[in-house]
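The next block holds one structure in the form of structure tokens; read it before the comments.
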Amino acid sequence: MKAKIEAIGRRTVNAIEEIGYGLMMFYEAIYWLLLGQFKKQPVNLSLIAAQTVQIGVAASLIVIVLCFSVGMMLAIQGLETLKPYGAQAQVVTGIALSVTREFAALITGIIVAGRSGSAIAARIGTMKESQEIDALQVIGINPVRYLAAPALVAMVISMPILTLFGILMGMFGASIYTLYELGMPIGIYMSRSFDVISMYDLLQGLSKSIVFAILIVVISVINGFQVKGGAEGVGLATTRSVVISISAIVIADMIFTFFITRI
Amino acid sequence: MNKPLNQAPRKKAIQVKNLVTHYDGRKILNGVSLEVNQGEIMVIMGGSGSGKSTLLRYLLGLQKPTSGHIELLGKDITKMTEHDLHHMMRNIGVSFQGGALFGSMTVAENIQLPLKEHTSLDEKTMQIMSQMKLEVVNLAGFENLMPSQLSGGMVKRAALARAIILDPRLLFFDEPSAGLDPVVSAELDELILRLRDAMNMTIVVVTHELDSAFKIADRITILDRGEILMCGTVDEVRNSDNQRIYNLLHRQPRQDSVDVDEYLHRLTGQSLS
């Protein structure tokens, strides 16, 4: 019994340490972004551009496909649920608000965590194991400035854009099924959706996407930097970064939604 | 009275004073003190687990020690700010055991990275400088290859070219001959000697390859279980009467005595008494 309590205590302390490490990493990345050029050690713009293409552009197709599918799924469920009440036309409002405020950011965050977050963790972990991180340091290049800061900027730029795509494709997917089920033209469906959505709803979704972006990068980077034990360690770190990123996204979404609905 | 020039004390490029380090609660280096003169080749030797690679990590400023001081070119790196350390790195070149070339860059881009970090040279000048260093290490013509396309020896030479691109005053090698055949290893030894002679670099080589060590070293420091056993010239080390040094140089296996009771306890978890 005592050993179990000790284990829980040790895990709690390790978790708090890791959160602190993540906060310091975030602070250091922001420091280099804002002050690096004044110290003649700027964050490399070409690295930011390359990461934006890898994280944003390369993920756009899967975001489009999955958000389209989720939108269609919501329409299927929504229409089926509202049929007994004869309120199927209200599905437009429900889907527009839920996709804009919630689902697009959440699905995009999960996809990007799995795709780009794991790639960041794997890349940094592999660099750690092959002493490339040490090589950066002895050249005089701060690894956070070189690896974490560009990924953070790229992710914060890419995630809201991907989320916007996700919102549009989610509504489009729902409109396809609604056309099939109710005969509502796509143009009418989309027009009604845009009437329902306010700037507040859009900002809610986009601001969540920025929070998710920061979580994904920080969690992936710290897992990459903490890799030990060769190829197996890299694999474990990659898996761990995806699991923790997705968990953090869902929990952050819940907290964010709870507070924002009380404003 | 002035000392004759050839007996004037040489300036110290590296000074380590009472270095103590820990890892995971275990003491790794126990009060290590060491000096390397400017322009000399110091070889640090020791068996596996002796602490030589750990010592190298602390000399490079990659970790902060538990206690002790490390001075490079007269400056204590254990007390430096990150900004000062960044400038100190301009004077240091390192060739890691596996090369540590950046896999996403070509050989030329790898070599030019320190130039991009520390200078404002234009692209053409950087290309010429990297080409010069590739010529020095006999890798001319391979600048556009990726590290994954290089053989082990070529990786080491490309890593060396990157290490010397800024003509550093201090050059460190971590197991330069690891994974190389004897011919390539001998070529690398010659290169190290040429670098010292041509550029008056101070060179520290961490290795357990005896042939290489005896060929290139001005002095040899022998580490064992986190402590310095001896520091001297090649002849002094060869003629040492220390049993552990003798075993290391003559590849004698350890003759540790075994306590039977303890051994059986470790196997079975039960005590006999």
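Each value in this text was obtained by applying a stated rule to the coordinates, not by laboratory testing. Bear in mind the structure is a predicted one, so any value in this text is a computation, not a measurement. So basically every Cβ, Gly included, is an ideal-geometry build from the backbone, and we count neighbours across all protein chains shown.
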- Query: Build a GNM of chain B with springs between Cα atoms under 10 Å: which of B:ASP174, B:ASP24, B:ASP259 gets the top mean-square fluctuation?
  - Reply: B:ASP259
- Could you work out which residue, out of A:PRO160, A:PRO84, A:PRO150, moves most in a Gaussian network model of chain A, that is, has the largest mean-square fluctuation with Cα springs under 10 Å? A:PRO84
- Message: Only four residue types carry charge here, +1 at the Cβ of Lys and Arg and -1 at the Cβ of Asp and Glu. Report the dipole size of segment B:156-255 about the Cα centre in Debye, rounded to the nearest 20.
- Response: 180 debye
- Message: Using only Cα atoms and rounding to the nearest 10 degrees, what angle (0 to 90) does helix A:199-225 make with the longest principal axis of chain A?
- Response: 30 degrees
- Could you check which residue among B:GLU35, B:GLU209, B:GLU135 shows the biggest mean-square fluctuation in a GNM of chain B with a 10 Å Cα cutoff? B:GLU135
- Item | Two-site label geometry, A:ILE186 and B:SER33: point separation in nm, points 7 Å out along Cα→Cβ | 8.2 nm
- Sorted by Cβ density within 10 Å, fewest first, the residues A:PHE225, B:PHE173, A:PHE259, B:PHE96: A:PHE259, A:PHE225, B:PHE96, B:PHE173
- Item | Lys, Arg +1 and Asp, Glu -1 on Cβ, resulting dipole of segment A:172-263 about Cα centre, debye, nearest 20 | 260 debye
- Item | With at most 15 other Cβ atoms within 10 Å, longest stretch of chain A clear of loop trypsin sites (Lys or Arg not before Pro) (DSSP) | A:41-227
- Suppose every K and R has +1 on its Cβ and every D and E has -1 on its Cβ; what is the size of the dipole of segment B:68-175 about the Cα centre, in Debye to the nearest 20? 140 debye
- Leaving out same-chain residues fewer than 8 places away, which lysines sit with a Cα under 17 Å from that of B:LYS79? B:LYS17, B:LYS64
- Greater than 30 Å apart at Cα, pairs in A:LYS128/B:LYS11; B:LYS52/B:LYS133; B:LYS11/B:LYS124; B:LYS12/B:LYS133: A:LYS128/B:LYS11; B:LYS11/B:LYS124
- Task: Compute the longest continuous run of chain B that contains no exposed trypsin sites (Lys or Arg not before Pro); treat a site as exposed when its DSSP state is not H, G, I, E or B and it has at most 13 other Cβ atoms within 10 Å.
- Result: B:12-250
- Determine which aspartates and glutamates satisfy two conditions relative to B:LYS27: a Cα distance under 19 Å, and not lying fewer than 8 residues away in the same chain. B:ASP224, B:GLU227
- Using 1/(1 + (r/R0)^6) with R0 = 35 angstrom and r between the beta carbons of B:GLN63 and B:THR268, what's the FRET efficiency to the nearest 0.05? 0.35
- Using only alpha carbon pairs under 8 Å that are at least six residues apart, calculate the relative contact order of segment B:49-141 and give it in whole percent. 12 percent
- With a Förster distance of 41 angstrom and the Cβ-Cβ distance between B:ASP259 and A:TYR21, calculated FRET efficiency to the nearest 0.05 equals 0.45
- Within straight-line cross-link reach of A:LYS83, aspartates and glutamates at Cα separation under 19 Å, skipping those fewer than 8 residues along the same chain: A:GLU181
- Item | Average Cα contact separation per residue, chain B, under 8 Å, 6 or more apart, as relative contact order % | 24 percent
- Query: Among A:THR261, A:ALA75, B:MET105, whose Cα lies farthest out toward the positive end of the dipole of the protein assembly as shown, if unit charges sit on the beta carbon of Lys, Arg (+1) and Asp, Glu (-1)?
  - Reply: A:THR261
- Task: Partner chain Cβ atoms within 10 Å, averaged over the residues of A:128-136 - can you pull that number for me?
- Result: 6
- Pairing the Cα long axis of helix A:2-35 with the longest principal axis of chain A, what angle in degrees results, from 0 to 90 and rounded to the nearest 10? 90 degrees
- Taking Cα atoms, how many degrees apart are the long axis of helix A:45-55 and the longest axis of chain A, rounded to 10 and kept between 0 and 90? 50 degrees
- Note on the structure: Rounded to 0.05, the calculated FRET efficiency for the beta carbons of A:PHE258 and B:GLN15 at R₀ = 51 Å is 0.30
- Dipole of segment A:88-215, positive end: most advanced residue of A:SER193, A:GLY140, A:VAL153 [Cβ charges, Cα centre]: A:GLY140
